[in-house]
Amino acid sequence: MMILPVVFDVMHVSAQNGCMSDTNGPTKAPKKPSSVRHTRAIQRDRSKRPDVAPPGEQIAGRLREIIHPATLAQVAHFHRLGLRERTFNLPVMVALVLSMVWRQIGSVTELAKMLVTEGLLWAEPRKVSQQALSERFRTFPATLFLRVLLAVLPLMETRWRSRQRPLPPEIAWAQGRYTEVVIQDGSTLDALLRKVGLLRDAETNPLAGRMTALLDLCSRLPRHIWYEEDAQAHDQRFWPRILEVLKAGSLLLFDLGYTNFSVYARLTMAGITFITRAKSNLAYEVERYLRQTAQVHEILVWIGKGDDRQLVRLTQVLYQGKWYRYLTNELDTERLPAPYVVALYWQRWRIEDAYNIVKRLLGLAYFWVGSQNGVELQLWATWLLYAVLVDLTDAVAERLNQPFAAVSLEMVYRSVYYFATAYHRGETTDPVAYLADNAILLGVLKRKRKHRPSPLDLFDLTNPSEP
């Protein structure tokens, strides 16, 4: 997944991170294609798409079982904020926004029609105007949705831990050795609609902001999500918030955008192990070589200056004619062997999969309103439904006795339609059983691809001491 480039003073970044710089001066990096170039097409598609039928009773019941108690638990806080709205109270707003995301409803106008004629989830039919509903999206405290999300995530984690299904060998290995294995990354949100609300007179389509997620690699559930209205916010801006929530004994995976030697030192002091890529122009001082073969080099090196100076392990692996370089603050090759350094970092892509699901499948590339508050309502609701979808997919994986990665989240989501149809014909009452029993027909179980060489082919994970 590509993100919009952010231009910085190259010399400043090089000096801060201890990187070598070009003596002839910085060169301009080639311009990357925009990640939001598809926005207009998505907006047109969503506005012209016919309305989607409501989820079946069993799926609606599953949403109610998971989300409604967490919503009701926030009602007291709702009242402490001085909110006494009877028509659009917290449970009703949660039902409306979740329905809008799950059913891919294209506008607030259509949402108002549905609320009047059929009701949505646990919100009974009621007469409302589009104007009143739009105003509520602008003013309803988005933090309440965030509180519901944060209350639901531990429940999802508990449900995940209660299940038994195979895990990839590197993930199973890491799960038994670290408090948690988490991935962090950021993503730019797409352009807002130009002629909505406060943006009606805007000359351009502003981006909706930037989000950063901390994702649990084992469960695929988000641990924390942060939002910045500034779409140009650099990944470095999120480090303080990330450091606040990391647990001692954790393993953290992140990409080059988070390179920061000062933070590396803080992670080590906090007892947090990290794996990241090493920049091509990384400046370092060799302490000693641990291993040097035709395909693998492992070196203890000093990076940074002053208080940020730190001893780390540089692992270099030759794969298909190219050297890949990784940094970790775990110096002991027995506690974190090179095969797992490579295998675990390559699992970092799972957070890109998560962003693809929330943005493309669940519609976080299309915004109904132009206010920041409305964007946040949609953001938290989308991640809430993502967690429910992960939970349902994991239950299907357990029934199939397959790794989570072998089951398609997208096809589980799309196959809910077929379950609802079968349910109304009286053929089934259990969505997990139906999706598992029809996994091949519905495409829920991914097709096996031809084996493609990967860095893991360099190693035997059962004997990590040999390349």
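The values are calculated or read from the model by the stated rules, or taken from the named source; none is laboratory data. As the structure is a computational prediction, the values presented were derived from the model and not from experiment. When we count neighbours, we look across all protein chains shown, and the Cβ atoms used for this are built from the backbone with ideal geometry, even at glycine.
Which of the residues that make up region 97-124 are within 21 Å of Val75 (Cα to Cα) and exposed (fewer than 15 other Cβ atoms within 10 Å of the Cβ)?
Matches in region 97-124: Glu124 only.
Can you find a residue that is touching a residue at least 40 places away in the same chain (Cβ under 8 Å) and on the phi > 0 side of the Ramachandran plot anywhere in region 278-300?
There is no residue in region 278-300 that is touching a residue at least 40 places away in the same chain (Cβ under 8 Å) and on the phi > 0 side of the Ramachandran plot.
Could you tell me which of the residues Ile242, Ile225 is within 21 Å of Ala381 (Cβ to Cβ), out of contact with any Asp or Glu (no Cβ under 8 Å at 6 or more places or on another chain) and of a type in the set (A, V, I, L, M, F, W, C)?
Ile225
I'd like the residue in region 264-310 that is more than 15 Å from Glu330 (Cα to Cα) and among the aliphatic types (A, V, I, L, M) and, out of all such residues, is surrounded by the most Cβ atoms within 10 Å (Cβ to Cβ).
For region 264-310, the residue satisfying everything is Val296.
Output the number of residues of region 218-256 satisfying the condition of being surrounded by 15 or more Cβ atoms within 10 Å (Cβ to Cβ) and aliphatic (A, V, I, L, M).
Counting residues in region 218-256 that are surrounded by 15 or more Cβ atoms within 10 Å (Cβ to Cβ) and aliphatic (A, V, I, L, M) gives 9.
Among the helices (runs of 4 or more DSSP H) confined wholly to region 377-449, which include 2 or more residues that are of a type in the set (Gly, Ala, Ser) and at pLDDT below 95?
Result: 409-424.
Out of curiosity, is Leu331 closer than 25 Å to Ala248 by Cβ and crowded, with 18+ Cβ neighbours inside 10 Å?
no
Condition check ((1) over 27 Å from Glu410 (Cβ atoms); (2) not polar (S, T, N, Q)) across all residues:
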site: Ser99; (1), (2): no, no
site: Met114; (1), (2): no, yes
site: Thr117; (1), (2): yes, no
site: Trp122; (1), (2): no, yes
site: Lys127; (1), (2): yes, yes
site: Gln131; (1), (2): yes, no
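State which residue is modelled with the highest pLDDT when the search covers only region 366-375 and only residues that are in a helix (DSSP H, G or I) and touching an Asp or Glu at 6+ places or on another chain (Cβ under 9 Å).
Among those that are in a helix (DSSP H, G or I) and touching an Asp or Glu at 6+ places or on another chain (Cβ under 9 Å), it is Val375.
Take region 103-148 and flag every residue that is in a helix (DSSP H, G or I) and aliphatic (A, V, I, L, M).
Across region 103-148, the qualifying residues are Val108, Leu111, Ala112, Met114, Leu115, Val116, Ala132, Leu133, Ala142, Leu144, Leu146, Val148.
Search region 209-240 for residues being in a helix (DSSP H, G or I) and touching a residue at least 24 places away in the same chain (Cβ under 8 Å), and hand back the single one that is farthest from Ala387 (Cα to Cα).
Gln236
For residues that are more than 16 Å from the chain's Cα centre (by Cα) and charged (D, E, K, R), scanning just region 242-271, find the one that is farthest from Leu384 (Cα to Cα).
Here the answer is Arg266.
Select from region 305-333 the residues that are charged (D, E, K, R) and either over 15 Å from Tyr178 (Cβ atoms) or touching a His at 6+ places or on another chain (Cβ under 8 Å) (or both) and list them in ascending order.
Lys305, Asp307, Asp308, Arg309, Arg313, Lys322, Arg325
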